[in-house]
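The values are calculated or read from the model by the stated rules, or taken from the named source; none is laboratory data. Model, not experiment: these values are computed from the prediction. Cβ sites come from the backbone with ideal geometry, for glycine too, and all protein chains shown count toward neighbours. Heavy atoms of the whole protein, side chains included, go into the accessibility calculation; ligands, DNA and RNA do not. Shrake-Rupley method; radii C 1.70, N 1.55, O 1.52, S 1.80 Å.
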Amino acid sequence: LPIVVKAFEMDITPANRIVAQIGETLILTCNTTGCASPRFSWRTQMDNPLEATVSNHRTYSTLTMNPVRVVNSHDYLCTVFCGEKEKKEKSIKVELYSFPSDPIIEISPSLVAGEPVTVICKIPDVYPSDHLEVLLKKEEHVLHEENFYEDDSTNTETKTVTFSFNPTAEDIGKEITCVASLPIATIDFEPKERVTSQKLYANFGPQNTVITASPGNLPMEGDPLKLTCVTESNPPPQTVWRKHPSDESIQHLIENNVLSIPRARFTDSGLYICEVINLVTNKTEKATVDIAIQDGPKNTMISVTPATAVKEGETVTMKCTSSGNPAPVISWKKKAATGESEKIFKDPTLTIQNVKSQDLGLYECEAYNQFGKEEKTVKLLVQVPPQNITVLVYPSENVKEGENVTITCSTYSNPPSQMVLKKVHQEKEIILPSVNGTFILYNVTKNDTGRYLLDVFNEVGNNIKVIEIAVVGRLEKTDQMIPLIIAFSCVTAIAVPVVAILIYVSRKAKINGSYSLVKALRLKV
């Protein structure tokens with residue numbers, strides 16, 4: 001098949017002619033086809049500065065005016081070179097105008113029957129102003145006409161039309177209208193007419209001032225909240241917002257008569273005050289609204305007096321506080337050993353007088369309202385000195401030489417007790433510390449006869465038991481199976497006493513490395 005070679009062509013978009021508004025952005029594009037490596041050039045018909053930005057690409061080039069200015073009113077020419085000999089060019093006419101916004105009406109002073117009033121109509125940023133036509137009307141009655149055909153402004157300008165007249169009492173409430181037209185037949189743009197109206201009012205107010213709250217004055221935390229201060233006043237008043245309790249951070253949330261909180265917080269609750277001031281009538285009026293942000297319980301805390309660890313017989317007070325709206329209902333529960341909770345009190349403060357050991361455990365405070373609940377727990381420790389001590393001496397307190405004696409005990413305390421066995425020997429005490437709660441006397445002799453003091457103690461108190469051991473005679477049979485270890489084992493726990501286990505072995509099967517309190521005692525004698 002024959003290869004079709006496209007001819008070298010170019011075009012400009014928009015084509016031929018474009019109408020642009022001053023201040024906006026305009027992009028002209030020069031496209032080519034049929035040329036592998038085109039080169040682009042932009043210029044104005046009269047070789048004025050481009051006053052625009054050129055951006056060249058492989059097959060097209062753009063001319064950007066951002067923003068469009070009066071100096072961009074030209075015929076722009078794009079030239080494309082293809083190779084050494086071929087070139088093509090096209091032009092586009094840029095026509096400009098500016099008619100960006102509706103007129104602004106000012107009426108001064110405020111309407112008072114019988115006195116002249118001046119109406120000022122301002123038309124912002126007009127170009128070309130030599131086509132501008134302005135009409136002032138009272139209702140349908142034409143007050144004044146003015147055009148700017150002789151104006152020679154070369155840039156955008158705000159044009160002003162002023163007219164004074166003596167109003168009557170019947171004119172109060174009637175509309176003053178300013179109609180501005182820019183009828184340029186050769187330029188196609190919309191709108192070519194802009195209209196603004198304002199009623200003739202006397203100075204009054206502020207009056208009937210109220211604050212409207214959206215979605216209401218009981219919003220949920222996290223919801224947006226908008227407060228609008230609505231009043232009747234002419235001229236419009238200045239608006240000042242305040243909050244009680246004071247909160248300076250609301251100032252950046254204010255725009256004129258509207259206070260907007262994007263995400264309401266619990267701390268946004270309070271009394272909001274809107275004060276409107278009419279500087280002409282020199283009158284001030286206030287409106288208030290009470291905002292209560294609703295939320296489930298939070299910041300729930302427990303405080304315990306005097307402490308979470310108390311001695312038996314003392315009084316302990318546990319106080320639970322929580323924030324939320326509506327105010328949370330607070331109740332106390334005690335966790336049972338089974339893990340279940342039993343409700344014991346419905347009040348923020350739980351007081352336990354004459355604390356007993358059975359009062360120890362985990363206490364749970366529950367704060368509840370219609371929007372949720374929050375729980376906190378505290379562990380109450382009841383400190384008990386050693387009590388209910390039971391001491392057993394095996395085989396008895398009277399033993400023969402060569403025998404072994406076992407002393408066992410059980411007790412109840414919290415925190416767990418420590419134990420020391422003391423022997424009163426001559427005129428001094430020999431203190432025998434426990435080894436893992438066990439004392440061992442091997443092959444007792446008459447020197448082991450005496451008074452032993454068993455001291456059981458913890459942080460809260462102590463208890464001493466006295467044991468009298470008498471060693472007489474000798475055993476006749478040395479191979480007899482007898483208790484090898486004389487042990488003192490006093491294991492304490494909360495609620496369950498543990499009795500030491502008696503360990504029986506043969507004297508001939510002594511355990512290497514065992515600790516002999518008798519030997520320790522003899523070394524100190």
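If each residue of separation counts as 0.36 nm, what is the full-extension length gain between residue 201 and residue 228 once their alpha-carbon separation is subtracted?
Details: separation 27, 0.36 × 27 = 9.72 nm, distance 2.33 nm.
Additional length available on full extension: 7.4 nm.
Once amide H atoms are placed 1.01 Å from N in the peptide plane, what residues at a sequence separation of 5 or more from residue 74, or on another chain, have their amide H within under 5 Å of its amide H?
94
Rounded to the nearest 0.05, what FRET efficiency do residue 160 and residue 86 give with R0 = 56 Å and r taken as the Cβ-Cβ distance? Could you check?
Working from the Cβ atoms, E equals 0.50.
Would you mind calculating the gained length between residue 263 and residue 238 on full extension (0.36 nm times residue separation, minus the Cα-Cα distance), in nm to one decimal?
Full extension of this stretch gives 6.4 nm more.
Taking 0.36 nm per residue of separation and subtracting the Cα-Cα distance, what length does fully extending residue 18 through residue 139 add?
Details: separation 121, 0.36 × 121 = 43.56 nm, distance 3.83 nm.
Stretched out fully, the residue 18 to residue 139 stretch lengthens by 39.7 nm.
Largest first, what is the accessible-area ranking of 57, 244 with a 1.4 Å probe? Don't skip to the answer; put the middle values down first.
Details: 57 80, 244 120 Å².
My answer, sorted largest first, is 244, 57.
Starting from the amide H of residue 314, placed 1.01 Å from N in the peptide plane, find each other amide H under 5 Å away whose residue is 5 or more places distant or on another chain.
Answer set, sorted by chain and number: 355.
Calculate the spin-label point distance for residue 447 paired with residue 149, positioning each point 7 Å from the Cα along the beta-carbon direction, and give it in nanometres.
Computed distance between label sites residue 149 and residue 447 equals 14.3 nm.
First compute the accessible area of the stretch 272-389 with a 1.4 Å probe, then give the percent of it belonging to carbon and sulfur atoms.
The nonpolar share, carbon plus sulfur, comes to 47 percent.
So for 176, 18, what's the accessible-area order with a 1.4 Å probe, most first?
18, 176
Using alpha carbons only, how many angstrom separate the centre of the stretch 216-243 from the centre of the stretch 168-198?
33
With the crude spin-label approximation of a point 7 Å out along Cα→Cβ, what separation in nm comes out for residue 212 versus residue 398?
Going by the 7 Å Cα→Cβ label model, 10.6 nm.
If amide H atoms are built 1.01 Å from N in the plane of the peptide, which residues on other chains or at least 5 residues away come under 5 Å of the amide H of residue 441?
Sorted by chain and number, the residues that satisfy this are 405, 486, 517.
Any lysines with Cα under 26 Å of the residue 90 Cα? List them, leaving off those in the same chain fewer than 8 positions away.
Straight-distance partners of residue 90: 6.
What accessible area per residue comes out for the stretch 9-97, rounded to a whole number of Å², with a 1.4 Å probe?
Each residue of the stretch 9-97 exposes 55 Å² on average to a 1.4 Å probe.
Could you give the spread of the C-alpha atoms of the stretch 295-380 along their three principal axes, from largest to smallest, in whole angstroms?
Projected onto its principal axes, the Cα set of the stretch 295-380 covers 40, 28, 16 Å.
Please compute the modelled spin-label separation between residue 130 and residue 187, points set 7 Å along Cα→Cβ, answer in nm with one decimal.
1.3
Counting only protein heavy atoms and a 1.4 Å probe, tell me what percentage of the stretch 178-244's accessible area is made up of carbon and sulfur.
Numbers: 1780 of 3460 Å².
Ligands and nucleic acids excluded, carbon and sulfur reach 51 percent.
Any idea of residue 346's accessible area? Nearest 10 Å², probe 1.4 Å.
Around 150 Å² of this residue is reachable by solvent.
Per residue of the stretch 274-279, what does 6.51 cos²θ - 1.76 cosθ + 1.60 with θ = phi - 60° give for ³J(HN,Hα)? Whole Hz please, x for Gly and Pro, Karplus curve as stated.
10, 10, 10, 10, 9, 6
Given a 1.4 angstrom probe, what's the average accessible area per residue across the stretch 104-202, in square angstrom?
It amounts to 53 Å² per residue over the stretch 104-202.
What list of ³J(HN,Hα) couplings, whole Hz, do you get for the stretch 8-25 from phi and the Karplus terms 6.51, -1.76, 1.60, once you set θ to phi - 60° and write x for glycine and proline?
Going residue by residue, I get 6, 9, 8, 7, 10, 10, x, 8, 6, 8, 9, 9, 10, 8, 4, x, 8, 10 Hz, with x marking Gly and Pro.
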